[in-house]
1. What is the local net charge at residue 71, summed over the other residues whose Cβ is closer than 11 Å to its Cβ (Lys, Arg +1; Asp, Glu -1)?
2. Taking amide H positions as placed in the peptide plane 1.01 Å from N, state which residues far from residue 126 in sequence (5 or more) or on other chains have amide H under 5 Å from it.
3. Write down the percent of antiparallel bridges among all DSSP beta bridges whose residues are both part of the chain, to the nearest 5.
4. Grab the beta carbon distance between residue 160 and residue 77, set R0 = 25 Å, and tell me the FRET efficiency rounded to 0.05.
5. Restricting things to alpha carbons, find the Rg to Rh ratio for the chain using the Kirkwood radius for Rh.
6. Please give the contour-minus-distance gain from residue 203 to residue 138: 0.36 nm per residue of separation, less the Cα-Cα distance, rounded to one decimal in nm.
7. Once the piece of chain linking residue 187 and residue 30 is laid out straight, how much longer is it, given 0.36 nm per residue of separation minus the C-alpha distance between them?
Amino acid sequence: MSQRRGLLIIISSPSGAGKSTLSRRLLAWDPDIRFSVSATTRAARPGEVDGEHYFFLTKDKFAELVAGGNMLEHATVFGNSYGSPRGPVEEAINAGKDLLFDIDWQGGQQIRASALGKHVLSIFILPPSMKELERRLISRAQDAPEVIEKRMQQSRDEISHWPEYDYVLVNDDLSETETRLRTIIQAERLRLSQQPDVVDVVRRLNAEYEGEA
C-alpha cells in the first residue's frame, strides 16, 4: 500500500457552532488525526509539558523562526506570541499523519498561503441560525451574559469569511455533520497532492506498456 501524505485540517466556526465537539470526535474516530502542537512565548503553566501542550520558546527563538519562514502562522495575543512551527508539521505530513489546527480564520489564511498550503483542507462550520447559536452559548453555562453578547457580535465577522474555505457545513445535527466531515476527510486523503507514489506507478505502467510494444 502506498504512503499518503498527511492533511492539514483547518476547522473554523463562530464560538458555539460545534467546532470543539466535532474536533474531539474526529480525534477519537481516527488515530491518524492529531492536534497540531503550537509554539508560544508564554511561560508553561503547572502540568503543561513542552512538546505536548505547546513548544515553549523564548521570544528570540520565536522571532528567529518567523524571520526564517519556519512558522506557518503566528499571532500575538495579550503580549505573548503563538504560532505553528513548520518542522513538526512537515514531519507529520511525510509520515501520513493528519494535523488538526485550532486556529482562527486569520491563522487559516496564513497556512493556506504558506509553502505547505497545497496540503490544507479547510472546513467552515455554520450554525443553523443565530438564534440557535445564542441558545447553545447560553446552554453551555460557561460565560456571563456580557461575554455571550460579545461572542455573538464577533460571530458575524467570523461567519463573513466562509467563502475562503474548501467546504462549508451547516451543523444542524451533530452526528450528521460528523459523518459529512469524515466523508470529506476520506475523500481528500485521495487527492493527487496527497499521493506521492502515483508518479512511480504511472512510470511503471508506461514501462510495462513500452516493454510489450
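Read-outs: derived from the displayed coordinates by stated rules, not from any lab. Only a predicted model underlies this, so the values are computations on that prediction, with no experimental measurement involved. Methodologically, a virtual Cβ is constructed for each residue, glycine included, from the backbone with ideal geometry; neighbour enumeration extends over all protein chains shown.
1. Numbers: positive: 61, 86; negative: 64, 73.
The answer is 0.
2. 169, 170, 171
3. Values: 7 of 25 bridges.
Close to 30 percent.
4. On the way: r = 21 Å, r/R0 = 0.85.
With R0 = 25 Å, the Cβ-Cβ based efficiency is 0.75.
5. Details: Rg = 19.8 Å, Rh = 19.1 Å.
We get a ratio of 1.04 for the chain.
6. On the way: separation 65, 0.36 × 65 = 23.40 nm, distance 5.83 nm.
Contour length minus the Cα-Cα distance gives 17.6 nm.
7. On the way: separation 157, 0.36 × 157 = 56.52 nm, distance 1.44 nm.
My answer for the length gained is 55.1 nm.
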